[in-house]
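Working notes, structure below.
The values are calculated or read from the model by the stated rules, or taken from the named source; none is laboratory data. Quick caveat: nothing in here was measured; it's all calculated off a predicted structure. Glycine also receives a Cβ, built like all others from the backbone with ideal geometry; neighbour counts cover every protein chain displayed. Surface areas here come from the heavy atoms of the whole protein model, side chains and all, with no ligands, DNA or RNA. Shrake-Rupley method; radii C 1.70, N 1.55, O 1.52, S 1.80 Å.
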Amino acid sequence: MQKYHLNNNYFKKEIVFFLLLYTSLLISFVIGENSTGGAIIDYESTKSISQQFASDFIGTLLNYDDFSSRHSPILIFFLTFFEQINLPDQLIRIVHLHICLILPIIFYKILVLKFGLKYRNYHIVLVGLIFLSPTFRTSSIWPDSRLLGLVIFSISIL
């Protein structure tokens, strides 16, 4: 069995780096960052559909074509679950944000499996770039089906 030793200074630098990126994401959540332009509008339309599902699931399901939603029904069912237990909108969004934080972790694990720990510095930088992506930031702050799909796809690769 091969043992890996962590350089304590390097490990602390990684933690500080990711805490800064996480903090920037939380600040973006508080100020309502919408760098892609249409995320708030998409979220509001998806939320209205999920509210209708929460009030009349069967009727809304039978008339789902009338909504012309371009988002996956999985996101709508996800939001419907939270609507049924009466979670506030901010809490729904913060739960979604933290579910989306699984993506950088899984991406790092995929890189380690594929390339080993030899290129650890590059892995950290690549994972950090995910946090800086406007699409990742906006889609994690305003729930969107594309990011949930990417998380599920990454889990299947892992």
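Observations on the structure shown:
- Here the chain has 66 percent of its accessible surface on carbon and sulfur atoms, given a 1.4 Å probe and all protein chains in place.
- A Förster radius of 25 Å combined with the Cβ-Cβ distance from ASN63 to LEU113 puts the calculated FRET efficiency at roughly 0.05.
- Stretchable slack from LEU20 to LEU158, in nm (0.36 nm times residue separation minus alpha-carbon distance): 47.1 nm
- Charging the Cβ of each Asp and Glu at -1 and of each Lys and Arg at +1, and nothing else, the dipole of the chain about its Cα centre rounds to 1180 debye.
- Solvent-accessible heavy-atom area per residue, rounded to whole Å², over segment 2-119 at 1.4 Å: 65 Å²
- Cα centroid separation, segment 92-152 to segment 33-71 (Å): 25 Å
- Farthest toward the positive end of the dipole of the chain, out of TYR122, LEU97, ILE85, is the Cα of TYR122, where the dipole comes from beta carbon charges about the Cα centre.
- When the Gaussian network model of the chain links Cα atoms closer than 10 Å, the mean-square fluctuations of ILE141, ILE99, ILE85 top out at ILE85.
- This model, with +1 at the C-beta of Lys and Arg and -1 at the C-beta of Asp and Glu, gives segment 83-158 a dipole about its Cα centre of some 460 debye.
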